[in-house]
Amino acid sequence: MEKILISLLIFAIIIGLACGVFYVLNEKNYDNMIEYIDTFKVEAKNQLAPQKDEYGNWYFTTDEDFKVLHLTDVHLGGGCGNVEKDKKAIKAVASMVMAEDPDLVIITGDISFAIPTTGTINNGYAHKMFIRLMENLGVYWTITLGNHDNEPYNYYNREEVANIYADESLERCLFMNSPEGVSGEGNHVINVTNTNGEIT
């Protein structure tokens, strides 16, 4: 019995040390990725500015064309084991947004994919990196959450991830939590109307 307890104690110490090492490596990686993301800083252009309607929904008003860029499945790992893949994904998103110069970017889920092979199960790293990128690109944007944005073993559950994006201090993010009585996280509406107030 004593040998089993000693073995369990040694195993617990090894696991604890490994977790500590990964924590330090991932914190350092996060700082380095933020520095990389900041190389994509773009001056905000003279874009259409959204407003809120009587129900609290965002809307844009224009009689001209309205360009939407749709992105999906960015799959940022956010950990020290996924650095090169994350950099490629970040560069691809930044390149598309800068090339297309859209009025609105909509990302339909799977921004993060924080799994053990990426070096972390902290999905907060990926979401915060993505927010930094999109805010740097000077465009209005919003998201819906996908199945990988909060795996069952991730640090942040679906509601907590939604709250990260619902931060009112974000200048360009139009994400809103679901209205009262609507199930799910982040169900929201963005309308485009003409100058007569008609939804186009």
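The values are calculated or read from the model by the stated rules, or taken from the named source; none is laboratory data. Source: prediction; values computed, not measured. Here the Cβ positions follow ideal geometry from the backbone for every residue, glycine too, while neighbour counts run over all protein chains shown. Side chains included, ligands, DNA and RNA excluded: accessible areas come from the protein's heavy atoms. Shrake-Rupley method; radii C 1.70, N 1.55, O 1.52, S 1.80 Å.
Is the stretch 130-141 home to any residue that is in a strand (DSSP E or B), under 15 Å from the mean Cα position of the chain (by Cα) and modelled with pLDDT of 95 or more?
Step one: filter the stretch 130-141 for residues in a strand (DSSP E or B), giving 141.
Retained after the next criterion (residues that are under 15 Å from the mean Cα position of the chain (by Cα)): 141.
Next, from what is left, pick out any that are modelled with pLDDT of 95 or more: 141.
Yes: the stretch 130-141 contains one or more residues that are in a strand (DSSP E or B), under 15 Å from the mean Cα position of the chain (by Cα) and modelled with pLDDT of 95 or more.
Please name all residue pairs, on different chains or six or more residues apart, with Cβ atoms under 6 Å, provided the first residue is in the stretch 115-132 and is of a type in the set (D, E, K, R) and the second residue is open to solvent by less than 10 Å² (accessible area, probe 1.4 Å).
Arg132/Ile37
How many residues, within the stretch 1-48, are of a type in the set (A, V, I, L, M, F, W, C), in a loop (DSSP other than H, G, I, E, B) and touching a residue at least 40 places away in the same chain (Cβ under 8 Å)?
So in the stretch 1-48, the residues of a type in the set (A, V, I, L, M, F, W, C) come out as 1, 4-6, 8-15, 17-19, 21-22, 24-25, 33-34, 37, 40, 42, 44, 48.
Narrowing the set further to residues that are in a loop (DSSP other than H, G, I, E, B) leaves 1, 42, 44, 48.
From what's left, touching a residue at least 40 places away in the same chain (Cβ under 8 Å): 42, 44, 48.
Going through the stretch 1-48 one residue at a time, the tally reaches 3.
So, in the stretch 180-200, exactly how many residues are open to solvent by 100 Å² or more (accessible area, probe 1.4 Å) and part of a strand (DSSP E or B)?
Within the stretch 180-200, residues that are open to solvent by 100 Å² or more (accessible area, probe 1.4 Å) and part of a strand (DSSP E or B) number 1.
Among residues belonging to the stretch 151-165 that are free of Cβ contacts under 8 Å to residues at least 12 places away in the same chain and part of a loop (DSSP other than H, G, I, E, B), point out the one that is farthest from Ile107 (Cα to Cα). Walk me through how you get there before you give the answer.
Taking the stretch 151-165 as the starting set, the residues that turn out to be free of Cβ contacts under 8 Å to residues at least 12 places away in the same chain are 152, 157, 160.
When the remaining residues are screened for being part of a loop (DSSP other than H, G, I, E, B), the result is 152, 157.
Numbers: Pro152: 22, Asn157: 19 Å.
Of everything passing the filter in the stretch 151-165, Pro152 is farthest from Ile107 (Cα to Cα).
Is the stretch 78-88 home to any residue that is hydrophobic (A, V, I, L, M, F, W, C) and without any contact (Cβ under 8 Å) to a residue 60 or more places away in the chain? Step through it out loud before you land on a result.
If we filter the stretch 78-88 for residues that are hydrophobic (A, V, I, L, M, F, W, C), which is where we start, we get 80, 83.
So of that shortlist, the ones also without any contact (Cβ under 8 Å) to a residue 60 or more places away in the chain come out as 80, 83.
Yes - at least one qualifying residue is present in the stretch 78-88.
Spot the failing condition for Thr117; the list is (1) part of a helix (DSSP H, G or I); (2) open to solvent by less than 10 Å² (accessible area, probe 1.4 Å); (3) polar (S, T, N, Q), and only one is missed.
Exception for Thr117: condition (2).
Being under 30 Å from Asn194 (Cβ atoms) and not hydroxyl-bearing (Ser, Thr, Tyr) is true for just one of Asp110, Asp31, Asp63. Which residue is that? Write out each step before concluding.
Numbers: Asp110 fails: under 30 Å from Asn194 (Cβ atoms); Asp31 fails: under 30 Å from Asn194 (Cβ atoms).
Criteria check complete, one pass: Asp63.
Between Asn123, Asn150, Asn154, Asn177, which is touching a strand residue (DSSP E or B) at 6+ places or on another chain (Cβ under 6 Å) and surrounded by 14 or more Cβ atoms within 10 Å (Cβ to Cβ)?
Values: Asn150 fails: touching a strand residue (DSSP E or B) at 6+ places or on another chain (Cβ under 6 Å); Asn154 fails: touching a strand residue (DSSP E or B) at 6+ places or on another chain (Cβ under 6 Å); Asn177 fails: touching a strand residue (DSSP E or B) at 6+ places or on another chain (Cβ under 6 Å).
Step by step, each of Asn123, Asn150, Asn154, Asn177 is checked, and only Asn123 is touching a strand residue (DSSP E or B) at 6+ places or on another chain (Cβ under 6 Å) and surrounded by 14 or more Cβ atoms within 10 Å (Cβ to Cβ).
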